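Participant: Submitted below is the structure of interest, expressed as structure tokens.
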Amino acid sequence: MGYLTHVSTASELQIASNLSRAKAKIFLETRYYMRDALSALFNINPNKVPITAYPGEPPKLPNGMGYISISHCKDAFIIGWHQENIGIDIERSDRDFNYQTLAKKYFYKKNVDSYKFNKYSILKEWSAIEAAIKYDRGKLSRDIKEWKYKINKENIYHNSKKIELNLIQIPFLDWTISIAYKNKTIDDLPKIICCNL
């Protein structure tokens, strides 16, 4: 973890000092990867990337530098960037979770006709909703039931806020990646600027 202390800000090191060793490592690594990827994108020194990224909060860039969203699972980390707001999520496609309970509690009743009830379809819905919640800067506990998703569709909709987002879902090797964004032009799609697998 020593190399991370050389590229971290004093504020990040202070935050990391209050986390467990494992969480501090993840926290500093993700900030390192964000700085590294954004430095290549903006052609500036990684230590000069003006990012604010507190634990449990979406990372922020100053006005005019665009938006980033991050996600990680047990063996992958991904960063998405766009000039406009964006939400991204990555999940292992073989993730072990109780999909039947999750589906019955949150998804199955509202989308009973929209997909076959299986583990991968529930994982895709979960990932899409996570990406949408990150876009909206929402909370999983509050917003999970509000987002309407239909498998193989290219959008996702928030019932009470009346927000409709475009959705890209990418099966990539052992992972499923979901990207939620507003813009519709093919020339202006969000960019994945870092994928550490």
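The values are calculated or read from the model by the stated rules, or taken from the named source; none is laboratory data. On a predicted model such as this, the values are computed, not experimentally measured, just so you know. Virtual Cβ from ideal backbone geometry, glycine too; neighbours counted across all protein chains shown.
Participant: Please go through the stretch 48-81 and give me each residue that is surrounded by fewer than 16 Cβ atoms within 10 Å (Cβ to Cβ) and over 24 Å from SER93 (Cβ atoms), ordered by number.
Facilitator: If the condition is that a residue be surrounded by fewer than 16 Cβ atoms within 10 Å (Cβ to Cβ) and over 24 Å from SER93 (Cβ atoms), then LYS48, PRO50, THR52, TYR54, PRO55, GLY56, GLU57, LYS60, PRO62, ASN63, GLY64 are the ones that fit.
Participant: Which residues, taken from the stretch 156-171, are assigned to a strand (DSSP E or B) and either touching a Gly at 6+ places or on another chain (Cβ under 8 Å) or touching a residue at least 12 places away in the same chain (Cβ under 8 Å) (or both)?
Facilitator: Hits for the stretch 156-171 are ILE156, HIS158, ILE163, LEU165, ASN166, LEU167, ILE168, GLN169, PRO171.
Participant: For a quick check of your reading of the model, give me the residue pairs whose first member lies in the stretch 17-34 and is touching a residue at least 60 places away in the same chain (Cβ under 8 Å), whose second is among the hydroxyl-bearing types (Ser, Thr, Tyr), with beta-carbon atoms closer than 6 Å and at least 6 apart or on different chains.
Facilitator: none
Participant: Within the stretch 100-112, does at least one residue satisfy the condition of being assigned by TED's automatic domain parsing to the domain that holds ASN152 and buried (at least 20 other Cβ atoms within 10 Å of the Cβ)?
Facilitator: Yes; the residues of the stretch 100-112 include at least one that is assigned by TED's automatic domain parsing to the domain that holds ASN152 and buried (at least 20 other Cβ atoms within 10 Å of the Cβ).
Participant: Within the stretch 133-155, count every residue that is exposed (fewer than 15 other Cβ atoms within 10 Å of the Cβ) and touching a residue at least 40 places away in the same chain (Cβ under 8 Å).
Facilitator: The number of residues fulfilling the criteria is 1.
Participant: Can you find a residue that is under 24 Å from ALA132 (Cα atoms), surrounded by fewer than 14 Cβ atoms within 10 Å (Cβ to Cβ) and at pLDDT 80 or above anywhere in the stretch 30-37?
Facilitator: Within the stretch 30-37, none of the residues are under 24 Å from ALA132 (Cα atoms), surrounded by fewer than 14 Cβ atoms within 10 Å (Cβ to Cβ) and at pLDDT 80 or above.
Participant: Restricting the first residue to the stretch 49-76 and requiring it to be without any contact (Cβ under 8 Å) to a residue 12 or more places away in the chain, which pairs with a second residue that is among the β-branched types (Val, Ile, Thr) meet a Cβ separation below 6 Å and a spacing of at least six or different chains?
Facilitator: Taking only residues 6 or more apart or on different chains, the pairs are LYS60/THR52.
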